[in-house]
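Before any comments, here is the structure.
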Amino acid sequence: MEDDYEDSPWNSVGIDSSHQNHAFRGTHTDSSNSPIPNESFVEHGGNSIGMMSSFLSLKQLGSEVTIEDFLKSSLAPGAFSSAINNLSEEKPVFHKKPLSEVPKEEVVKLLAEAFAYRGNLGGEDIVPEDVAVRVRLAWPTYLAHSFAMVDSAGELVGVATLTDFAGGSEPDVPKGTVLTPRMVAIGKYYGSLIEKVEVPKRIPHPLEKGMVLEKDMIAPLIKMSPAESFYIVYLMEEAIHKIARENNYKMSLAWNTSALTQQFAEFFGCERVLTDAPNRHVSLNGERPFKDIPETTLVTMDIKYY
């Protein structure tokens, strides 16, 4: 079963109009030498869909602005008007496919490379095979609801892995399996964050399967352009909420480690219940395993009730 998506977030792709109320906001940053008004896009009448269309338009015109800079900046809408008018007419089509219909090792490779090379909790001591071990161990828990995105030629361009929170997303590690210290630290770090959340007030109790859908990993193919990556992540985030509703989940839960997915969480009306700086995390043995991560990197826990 495949779902088609036309490459345009502001046309009819099933966006609930209520999402427009969850506008992208950010602090004023200027990564160029040109002056940028310190006024928010929203204050000028913009909304989340306008922000996404503007970003894609700018990238298609060859702009060097990054997703992070775009989301954090406060550009006035006038900077986008000509870009929107010149939007390309050629729009590629992406398909959503169940994970079971995609070659396992292709999925493992995409997730492993994305996490190792671009993951905000990764480090110089992480290589793709370290992540691949973890993905293979968790594979059986992914198959019920996870999916991949492929292009019109059938090439894999993105993956979203979903698990049932009642079953746990961290797989049992067979005896003799070696996980690097960084991967072990990441698992323990997320465990410590759970303890910071008022779980009884946020998550159904007693917890049973079919109640909470957890987003485990989400990643576009690393060779995709920034605009393509932006839109593929958008499509996958949208699909996750659709899957949760169609399967009668009461809520979805996500750990978001990038500015992009954190902004999409707001866009889709999620509630932010935790924000943490991994750079400051101190493990039980008194070490700071993520001291090499920029202080500005944040991890959020976002939930959505249905």
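The values are calculated or read from the model by the stated rules, or taken from the named source; none is laboratory data. The structure presented is a predicted model; accordingly, all values stated were derived computationally and were not measured. For neighbour counting, all protein chains shown are included, and Cβ atoms are generated from backbone atoms with ideal geometry for every residue, glycine included.
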Item to check | Residues of the stretch 132-148 that turn out to be under 15 Å from GLY167 (Cα atoms) and aliphatic (A, V, I, L, M), as a count | outcome: 4
Next on the checklist: What's the number of the only condition in (1) farther than 27 Å from PHE290 by Cα; (2) surrounded by 17 or more Cβ atoms within 10 Å (Cβ to Cβ) that LEU207 fails to meet?
Outcome noted: (2)
Item to check | Enumeration of residues in the stretch 206-224 that are closer than 16 Å to LYS304 by Cα and either part of a strand (DSSP E or B) or not assigned by TED's automatic domain parsing to the domain that holds VAL159 (or both) | outcome: VAL212, LEU213, GLU214, LYS215, ASP216
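Here is a yes/no grid of residues against (1) modelled with pLDDT of 55 or more; (2) of a type in the set (Val, Ile, Thr); (3) outside any helix (DSSP H, G or I):
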{"site": "LEU58", "(1), (2), (3)": "yes, no, no"}
{"site": "GLU64", "(1), (2), (3)": "yes, no, yes"}
{"site": "LYS96", "(1), (2), (3)": "yes, no, yes"}
{"site": "ALA116", "(1), (2), (3)": "yes, no, no"}
{"site": "GLY122", "(1), (2), (3)": "yes, no, yes"}
{"site": "ILE126", "(1), (2), (3)": "yes, yes, yes"}
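Does any residue of the stretch 244-267 turn out to be closer than 14 Å to THR161 by Cα and among the acidic types (Asp, Glu)?
Going residue by residue through the stretch 244-267, those that are closer than 14 Å to THR161 by Cα are 244, 252-256.
Then keep just the ones that are among the acidic types (Asp, Glu); that gives none.
The answer is no, given that none of the residues of the stretch 244-267 is closer than 14 Å to THR161 by Cα and among the acidic types (Asp, Glu).
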Checklist entry - Here is a list of conditions, (1) of a type in the set (D, E, K, R); (2) modelled with pLDDT of 95 or more; (3) part of a loop (DSSP other than H, G, I, E, B), and LYS242 meets all of them except one; can you say which number that is? => result (3)
Checklist entry - Considering only residues of the stretch 151-198 that are polar (S, T, N, Q) and either at pLDDT 80 or above or not assigned by TED's automatic domain parsing to the domain that holds LEU253 (or both), which is nearest to THR275 (Cα to Cα)? => result SER192
Next on the checklist: Suppose we filter the stretch 282-306 for residues that are surrounded by fewer than 20 Cβ atoms within 10 Å (Cβ to Cβ) and either part of a loop (DSSP other than H, G, I, E, B) or of a type in the set (A, V, I, L, M) (or both); how many remain?
Outcome noted: 16
